[in-house]
Amino acid sequence: MSDYIEHSREPLKPVVTTPAELATCLDALASADGPVAFDAERAHGYRYWPKAYLFQIRRQGAGTWLIDPLPFEQEGLGSLVQATGDAEWVIHAASQDLPCMRDIGIVPPRIFDTELGGRLLGKPGVALGMLLKYELGIKLRKAHSAVNWSTRPLRESWLTYAALDVDYLIELRDSIDAQLASVGRAEWAREEFDWELRHHSSPPSPPAEPWRRLSGITNLRSSRQLALARELWLERDAIARHRDRPPSHIVSDLAIVELAGLARPEAPMPGPEALRAVAGFGTPSARRYRTNWITALNKAAELPERRYPARRPKPTGLPHPKAWERTNPDASRRWDQVRPRIDALACELSFQSSLIAPPAVIQQAVFEATHEAPSAARLQELGARPWQAGFLAPLLQEALPEHSPGSAD
């Protein structure tokens, strides 16, 4: 007899797809009490847009409800938050789900992230299945994590799997919360959850030059080659957006970079015949868009050299500390004093150093500490949570004594 749990604790309800069914769900949630367990299923690897294709929601007294968000994209699903009032929402790895929740109007008043809570406790494994197994002794049969959730109709076995993701989430939350309180880290967790909710419920700023994320682009040495890579990337992205398919399903990064690498100095830009020289453009999916690739090649050929992209992207922030030794030796020396202390503190607290010192925060703090070590208030201005600043401010003053407030220059 298997000791794995393969079915939720109550029979599956029909997936909510109509306003009438949603109204019944909302009534059940509103009449229930306690935290709200929530999860979302996306079609990563199958679709261009990172939206959700199934929501799972559970509350004590209401049971588990599965909601198809597609029929509700126009009006949104903010009514789920209204129905549950000021209840806390329990989400595992909330940073992954909050963006697609925001896109359809779901912004909880507060959250509890069981994955992040596990990391603050220094748990060796924080995947949902691992935490349920070792914290509650519950082993789930996880068999459909990589399926295409945009498929319709959704299979019964997939729905069973999805329901299990929230079936024991509230009990896991209670276990982790009790442990956080017992080791004095409950307030740390609350500050992290509040920051996570604010950060991931706000629309992100689009990257300035997303085409520079092409895998292997560092192999391109000239602005001419980069210009061709950019035009091919833009054409592929437009196709992927229109068809709602992952760009790599249209043509691979490797193929784009290989074709762009054929652009030689003092020679004409590669033309349509070059497509036959790159195997990646000979796949069935790539051949289907031959006209598009020719358009991109022509656009690149017509570009004046002054409109070629720079060989290196414009700096948008601090250089990585590895570059400081060459560009700012004083900052590099400060970094060498601070980094080992942060690692030692993280080891003492039994979790990743990025939890105590977010990289962007600590790098900026060290880089600008030319006259004095940054205060706790300054660290919070840079984005540190109060509990992190409480650790980091004295650490920096100890690591940089000649820069500490009140010290002589």
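The values are calculated or read from the model by the stated rules, or taken from the named source; none is laboratory data. Just so we're clear, the structure is a prediction, and the values are computed from it rather than from any experiment. Positions of Cβ are backbone-derived with ideal geometry, glycine not excepted, and every protein chain shown enters the neighbour counts. Heads up: the accessible areas ignore ligands, DNA and RNA and are worked out on the full protein's heavy atoms, side chains in. Shrake-Rupley method; radii C 1.70, N 1.55, O 1.52, S 1.80 Å.
Among the numbered conditions (1) surrounded by fewer than 19 Cβ atoms within 10 Å (Cβ to Cβ); (2) within 17 Å of ILE170 (Cα to Cα), tell me where ALA94 comes up short.
The one condition ALA94 does not meet is (1).
Can you find a residue in segment 323-330 that is open to solvent by less than 50 Å² (accessible area, probe 1.4 Å) and either part of a loop (DSSP other than H, G, I, E, B) or touching a residue at least 40 places away in the same chain (Cβ under 8 Å) (or both)?
Yes, segment 323-330 has at least one match.
Restricted to segment 367-383, and to residues that are in a loop (DSSP other than H, G, I, E, B) and either surrounded by fewer than 17 Cβ atoms within 10 Å (Cβ to Cβ) or not acidic (Asp, Glu) (or both), which residue is farthest from the chain's Cα centre (by Cα)?
Let us first name the residues in segment 367-383 that are in a loop (DSSP other than H, G, I, E, B), namely 368-375, 383.
Subset that is either surrounded by fewer than 17 Cβ atoms within 10 Å (Cβ to Cβ) or not acidic (Asp, Glu) (or both): 368-371, 373-375, 383.
Values: GLU368: 28, ALA369: 30, THR370: 33, HIS371: 36, ALA373: 32, PRO374: 29, SER375: 30, GLY383: 18 Å.
Among residues in segment 367-383 that are in a loop (DSSP other than H, G, I, E, B) and either surrounded by fewer than 17 Cβ atoms within 10 Å (Cβ to Cβ) or not acidic (Asp, Glu) (or both), the one farthest from the chain's Cα centre (by Cα) is HIS371.
I'd like the residue in segment 277-297 that is in a helix (DSSP H, G or I), aliphatic (A, V, I, L, M) and open to solvent by less than 40 Å² (accessible area, probe 1.4 Å) and, out of all such residues, is nearest to TRP149 (Cα to Cα).
ALA286
I'm told LEU132 meets every condition in (1) in contact (Cβ under 8 Å) with a residue 12 or more places away in the chain; (2) under 18 Å from PHE55 (Cβ atoms); (3) buried (at least 17 other Cβ atoms within 10 Å of the Cβ) except one. Can you identify the failing condition by its number?
(2)
In segment 237-276, which residue that is in contact (Cβ under 8 Å) with a residue 40 or more places away in the chain, in a helix (DSSP H, G or I) and among the basic types (Lys, Arg) is farthest from TRP149 (Cα to Cα)?
ARG241
Looking at (1) part of a helix (DSSP H, G or I); (2) among the small types (Gly, Ala, Ser); (3) surrounded by fewer than 20 Cβ atoms within 10 Å (Cβ to Cβ), which is the one condition that is false for GLY317?
For GLY317, the failing item is (1).
Name every residue in segment 97-110 that is open to solvent by less than 10 Å² (accessible area, probe 1.4 Å), farther than 20 Å from ALA127 by Cβ and part of a helix (DSSP H, G or I), in order of residue number.
Of everything in segment 97-110, just one residue is open to solvent by less than 10 Å² (accessible area, probe 1.4 Å), farther than 20 Å from ALA127 by Cβ and part of a helix (DSSP H, G or I), namely MET101.
Condition first: in a helix (DSSP H, G or I), without any contact (Cβ under 8 Å) to a residue 60 or more places away in the chain and either of a type in the set (Ser, Thr, Tyr) or within 30 Å of PRO207 (Cα to Cα) (or both). Can you find one or more residues in segment 396-403 that meet it?
The answer is no, given that none of the residues of segment 396-403 is in a helix (DSSP H, G or I), without any contact (Cβ under 8 Å) to a residue 60 or more places away in the chain and either of a type in the set (Ser, Thr, Tyr) or within 30 Å of PRO207 (Cα to Cα) (or both).
Kindly indicate which of LEU345, LEU392 is at pLDDT 95 or above, over 20 Å from PRO319 (Cβ atoms), buried (at least 17 other Cβ atoms within 10 Å of the Cβ) and hydrophobic (A, V, I, L, M, F, W, C). Spell out how you get there, then give the answer.
On the way: LEU345 fails: buried (at least 17 other Cβ atoms within 10 Å of the Cβ).
Of the residues listed, the single one that is at pLDDT 95 or above, over 20 Å from PRO319 (Cβ atoms), buried (at least 17 other Cβ atoms within 10 Å of the Cβ) and hydrophobic (A, V, I, L, M, F, W, C) is LEU392.
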